[in-house]
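**Q** My questions will all concern the structure given below.
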Amino acid sequence: MKNQLKVLRAMRNWSQADLGEHLDVSRQAVNAIETGKYDPSLPLAFKIARLFDLPIEQIFDDEFEGGNDV
Amino acid sequence: MFDADEDVGGNGLRILWMILCGFGIVLLSGVITGFLSAHMEAGGSALKMTDYAILATLISVTLLLAFIIWKLFQRMKSIGEKASRREKTYNRFLIGSFLFGGVTGIALALTGSFDANETDLFATGAMSPMLAIIMSVSVGLIMPAVTFYWHKNVVDEQEEAAYRFGALIAMYAFWFIAPVWWFLWRGGMLPEVNGIALYFITIFVALIVWFWKKYL
């Protein structure tokens, strides 16, 4: 899943370790989410959204382009 | 914009190289010790120039590997000064485990409390009741308690997912390797199925997958 985490982090001038500290996860976890290797759980996604004060769908993009499937 | 985090990535390859260099150091230390022991057994006369050259090469390569580990560690550390509560606990746990394991190993070796064959990882002979009880309590009671705390309070969700995937693949490895080994044993092509070997294969598979999912 694509996401804006790297951009949002850069806007606050945070390193991956800084963001990890705010989310109480490791720097590896932040790196894995940013690079799309790991999709966060719903609770962690909400925590990220609250931290950046944005709706989840503005941070994470499931690349759904419409159609009949839900 | 240069992003140090992007440059460092997941640190997976760096850690892999550090592990390989560590194995290299252990191997070379064994070769150096073996070389000197063989020399002492042969009379222990003064070393020849070729002996010095061999020793110097082995020691140089060992030091080079140690230097590579140190450089890789510095590179990992350069952007990792800040750590979350979980990471700090994680690091304290790892250091504590290494210290406990190291001190226990050295204490056993120095006091000569147990026969070397007893404590050998792959030994299959008889074991003293005392050592059997110590090992059973460690593996059957202490380790489950520590593991429970580890998963509940220390690892984060990304690592937990890596553990879960590692466990799944290890379970399948066991399910497939055990019967294949059993069939080949019955066909006279392999020695009898060894439960301890299967146990270590399962752990090894879980570790490899965990490392891949956590760091690479």
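A short reminder: the numbers here are calculations on the coordinates, not readings from a lab. Model, not experiment: these values are computed from the prediction. Reconstructed Cβ throughout: ideal geometry from the backbone, glycine too, with neighbour counts over all protein chains shown.
**Q** Classify chain A: rounded, prolate or oblate, from the alpha-carbon gyration tensor (a ≥ b ≥ c, eigenvalue square roots; a/c under 1.5 rounded; otherwise prolate if a/b is larger than b/c)? The partial results should precede the final answer.
**A** Values: a/c = 1.98, a/b = 1.81, b/c = 1.10.
Verdict is prolate for chain A.
**Q** Filter the trypsin sites (Lys or Arg not before Pro) in segment B:29-80 down to the DSSP loop ones having no more than 14 other Cβ atoms within 10 Å, then list what survives.
**A** Passing sites in segment B:29-80 are B:K48.
**Q** If you don't mind, another one. Please report the projected area of the protein assembly as shown's Cα convex hull averaged over all directions, in nm².
**A** 24.0
**Q** While we're here: Kindly put A:R12, A:R27, B:R86 in sequence by how many other C-beta atoms sit within 10 Å of each C-beta, fewest to most.
**A** Neighbour counts put them in this order, fewest first: A:R12, B:R86, A:R27.
**Q** Per the helix-only calculation at 222 nm, which mean residue ellipticity applies to chain A, given -39500 (n - 2.57) for every DSSP H run of n ≥ 4 and division by its residues, nearest 500 deg cm²/dmol? Let's see the in-between values first.
**A** Details: 5 runs with 38 residues, N = 70.
Rounded to the nearest 500, it is -14000 deg cm²/dmol.
**Q** From the helices alone, meaning DSSP H stretches of at least four residues, give me the mean residue ellipticity at 222 nm for chain B, per-run term -39500 (n - 2.57), in deg cm²/dmol to the nearest 500.
**A** -25500 deg cm²/dmol
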